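Participant: Before we start, here is the structure in question, set down as structure tokens.
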Amino acid sequence: MSDGSSDADAQRLVAAARAAAVHAHAPYSRFAVGAALLMTDGSLITGANMENASYGLSLCAETVAVATASAQGRLGDIVAVGVIGGAMDAEGRATGATPVSPCGRCRQILNEAAQIGGRDLPVHCGGAEGEAIVSYRLSQLLPDAFGPADLGLVPRR
């Protein structure tokens, strides 16, 4: 089993996130985001952002992917994360080579899964295009994170 931190894992996750971003519903921000989760069995779960006319009800790609993993009973099986994003062109495709990292809310959502799985998840960030990938550990993106243990709960897989 891979821990999700290899260059091959990063490239695979970013490619899957790019494929997911094609399905983004982002008519308001015109910014498409895709996310991919590497699971303990090597499979991938993906998500794309889904905006809503009531902006506060929009869902980030990472949240969609983590919720899908949870709905499958696999919240503790996440090994690594890939995320990409970019402004949408006239045809609705994400563009831009600057790596995008998860927003604060998504970092907290990812932290819940990370604590349940007992892992400091690698998070691989890419742009909608190009070769650049910047990798972090979740603890770098969300130091001193609040999670289940802070509420006296023992995380369960």
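The values are calculated or read from the model by the stated rules, or taken from the named source; none is laboratory data. Remember, predicted model here, so these are calculated numbers, not experimental data. Here the Cβ is made from the backbone with ideal geometry for all residues, glycine too, and neighbour counts use every protein chain on show. Calculation scope for accessible area: heavy atoms of the full protein, side chains included, ligands and nucleic acids excluded. Shrake-Rupley method; radii C 1.70, N 1.55, O 1.52, S 1.80 Å.
Participant: Just one of R93, R105 is open to solvent by 10 Å² or more (accessible area, probe 1.4 Å), more than 19 Å from L38 (Cβ to Cβ) and touching a residue at least 60 places away in the same chain (Cβ under 8 Å); which is it?
Facilitator: R93
Participant: Considering only residues of the stretch 114-140 that are among the hydrophobic types (A, V, I, L, M, F, W, C), open to solvent by less than 20 Å² (accessible area, probe 1.4 Å) and part of a helix (DSSP H, G or I), which is nearest to M39 (Cα to Cα)?
Facilitator: A114
Participant: Another question, then. With respect to G82, determine if the residue is at pLDDT below 95 and not hydroxyl-bearing (S, T, Y).
Facilitator: no
Participant: In contact with a Ser or Thr (Cβ under 8 Å, 6 or more places away or on another chain), of a type in the set (D, E) and farther than 18 Å from S135 by Cα: does that describe D89? Walk me through how you get there before you give the answer.
Facilitator: On the way: in contact with a Ser or Thr (Cβ under 8 Å, 6 or more places away or on another chain): yes; of a type in the set (D, E): yes; farther than 18 Å from S135 by Cα: yes.
For D89, the condition - in contact with a Ser or Thr (Cβ under 8 Å, 6 or more places away or on another chain), of a type in the set (D, E) and farther than 18 Å from S135 by Cα - is met.
Participant: Would you check which residues across the stretch 56-96 are within 19 Å of Q108 (Cα to Cα), assigned to a loop (DSSP other than H, G, I, E, B) and among the hydrophobic types (A, V, I, L, M, F, W, C) and list them?
Facilitator: Across the stretch 56-96, the qualifying residue is only C60.
Participant: Could you tell me which residue of the stretch 141-157 is modelled with the lowest pLDDT, considering only residues that are open to solvent by less than 70 Å² (accessible area, probe 1.4 Å) and part of a loop (DSSP other than H, G, I, E, B)?
Facilitator: P155
Participant: Continuing with the same structure: Would a scan of the stretch 47-61 turn up a residue that is closer than 12 Å to C125 by Cα and open to solvent by 50 Å² or more (accessible area, probe 1.4 Å)? It would help to see each step written out before you state the result.
Facilitator: Restricting attention to the stretch 47-61, the residues satisfying the condition of being closer than 12 Å to C125 by Cα are none.
Looking for residues that are closer than 12 Å to C125 by Cα and open to solvent by 50 Å² or more (accessible area, probe 1.4 Å), one finds none in the stretch 47-61, hence no.
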